[in-house]
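Each remark here refers to the structure printed beneath this line.
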Amino acid sequence: MNVIQTKSLTKTYNGKGGISDVTLSIGEGIVYGFLGPNGSGKSTFVRTLLGLLQPTSGEGYILGEPIGTTKSREQVGYLPELFRYPDWLTGKQLLESHAELCKIPVRNRRKRIEEVVELVGMTGRENGKISGFSKGMSQRIGLACAILNDPKVVFLDEPTSALDPIGRKDVRDLMLYLREQGKTVFLNSHLLYEVESVCDHVSIVHQGEMVVQGPWRELMMAEAKVEIVTDKPINVPLPSFVVHYQKVKEEETRTRWVVQLENESDIPKFIDYLSSNRIAIYEVKPIIPHLEDVFLHWVNQKKENAYVDNH
Ligand SMILES: Nc1ncnc2c1ncn2[C@@H]1O[C@H](COP(=O)(O)OP(=O)(O)O)[C@@H](O)[C@H]1O
Ligand SMILES: [Mg+2]
């Protein structure tokens, strides 16, 4: 079942900015990272999906319903990027008014509010006035509002921008909890490093265009880098799939290398090659790149392709 689906969805502002030609399908029970630097079109995309902006062209569906319709929003929660709540209310009053807006039956409200307050780590502080909340507390209350109606899909637009490291971890845990409950979380973020531990699938966007999408572990593995320990220096000519290699450390009986190969499938080939040349291998360890590196890799790749296309 596709929870979110778009076909060439485009939203530009009088032909400028925004985001263009996004095609994606997102299933149930995953955390989907929509990643890119500021200004790449992430908020525009989410606001278009939610029907807050009219698409310029293309199509979009949430739980099978065309975007822009009331039905498409029924099972959706949303934490906007820049939000301001009436700050004369207490946190709890805000949640009560939200409960009314999303028509949670009166008899269930108290319990549900208690639950979400707990989930966002605000128990005991929900009766304070929003005007007295720190940025982090406001963000937590915003998250509580976003999940209050137990939505199937939750859109979080830069949910941790105001949070300290503990708050960020709490939000990560909350996303994992939602995933466990079978929910789909659509996460906009420019903080690449903080999403790598939670996202199953990612899209990388840059300057209003999709750069690459897929399971992020696969995107990472597009380049295979390994650290390898051998009994002696590698003194044989290297096969052509070795892109780059560097000696890191040389001891009497062990030599440590970092080797960059073309593909992940070259790793066993490389090991075979060394063995057949009587070089003993004591250790092979894949070097897993950070999302930041992955991001740069794909953005550069796209630029190179654009160069080829244009010339
Ligand atoms: N209301 C608007 N009017 C005109 N241009 C806009 C508007 N909102 C965003 N943009 C432009 O669209 C691009 C994408 O913005 P945005 O969706 O906010 O990106 P992100 O959320 O990734 O930071 C930026 O170049 C921005 O200046
Ligand atoms: Mg944004």
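The values are calculated or read from the model by the stated rules, or taken from the named source; none is laboratory data. Just so it is clear, the model here is predicted, and its values are computed rather than measured. A quick note on method: Cβ atoms are made from the backbone with ideal geometry, for glycine too, and the neighbour counts reach across all protein chains shown. Note: accessible area is taken over every heavy atom of the protein model, side chains too, but ligands, DNA and RNA are not part of it. Shrake-Rupley method; radii C 1.70, N 1.55, O 1.52, S 1.80 Å.
Here are the numbers:
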| item | result |
| --- | --- |
| Filter result for SER43 (part of a helix (DSSP H, G or I), surrounded by 14 or more Cβ atoms within 10 Å (Cβ to Cβ) and touching a residue at least 40 places away in the same chain (Cβ under 8 Å)) | yes |
| Top-ranked residue in the range 46-64 [being out of contact with any Lys or Arg (no Cβ under 6 Å at 6 or more places or on another chain) and part of a helix (DSSP H, G or I); ranked as farthest from ligand 1 (Cβ to nearest atom)] | LEU49 |
| Hits in the range 127-155 - residues which are touching a helix residue (DSSP H, G or I) at 6+ places or on another chain (Cβ under 7 Å), open to solvent by less than 20 Å² (accessible area, probe 1.4 Å) and of a type in the set (Gly, Ala, Ser) | GLY136, ALA144 |
| Any hit, the range 156-168, residues being surrounded by fewer than 19 Cβ atoms within 10 Å (Cβ to Cβ), assigned to a helix (DSSP H, G or I), touching a residue at least 24 places away in the same chain (Cβ under 8 Å) and more than 16 Å from ligand 2 (Cβ to nearest atom) | yes |
| Of all residues in the range 47-66 being of a type in the set (A, V, I, L, M, F, W, C) and surrounded by 23 or more Cβ atoms within 10 Å (Cβ to Cβ), the one that is farthest from ligand 2 (Cβ to nearest atom) | ILE62 |
| Residue within the range 211-224 that is within 16 Å of ligand 2 (Cβ to nearest atom), within 19 Å of the chain's Cα centre (by Cα) and polar (S, T, N, Q) present | no |
| Enumeration of residues in the range 65-92 that are in contact (Cβ under 8 Å) with a residue 12 or more places away in the chain, part of a loop (DSSP other than H, G, I, E, B), closer than 18 Å to GLY132 by Cα and not aliphatic (A, V, I, L, M) | PHE83, TYR85, PRO86, ASP87, TRP88 |
| Cross-chain or 6+ apart pairs with Cβ under 9 Å, the range 17-32 first and free of Cβ contacts under 8 Å to residues at least 24 places away in the same chain, then open to solvent by less than 60 Å² (accessible area, probe 1.4 Å) | SER25/VAL3; SER25/ILE4; SER25/GLN5; SER25/THR6 |
| Single match in VAL31, VAL3, VAL22 (criterion: under 14 Å from PHE186 (Cβ atoms) and within 15 Å of ligand 2 (Cβ to nearest atom)) | VAL22 |
| Residue ID - nearest to ligand 1 (Cβ to nearest atom), chosen from residues in the range 29-40 that are in contact with a Lys or Arg (Cβ under 8 Å, 6 or more places away or on another chain) and open to solvent by 10 Å² or more (accessible area, probe 1.4 Å) | ILE30 |
| Residue list for the range 115-155, restricted to those being basic (Lys, Arg) and part of a helix (DSSP H, G or I) | LYS135, ARG140 |
| Output for the range 14-28, where each listed residue is more than 9 Å from ligand 1 (Cβ to nearest atom) and outside any loop (DSSP other than H, G, I, E, B) | SER20, ASP21, VAL22, THR23, LEU24, SER25, ILE26 |
| Filter result (open to solvent by 60 Å² or more (accessible area, probe 1.4 Å) and under 24 Å from SER189 (Cβ atoms)) within the range 75-126 | GLN75, GLU81, LEU82, ARG84 |
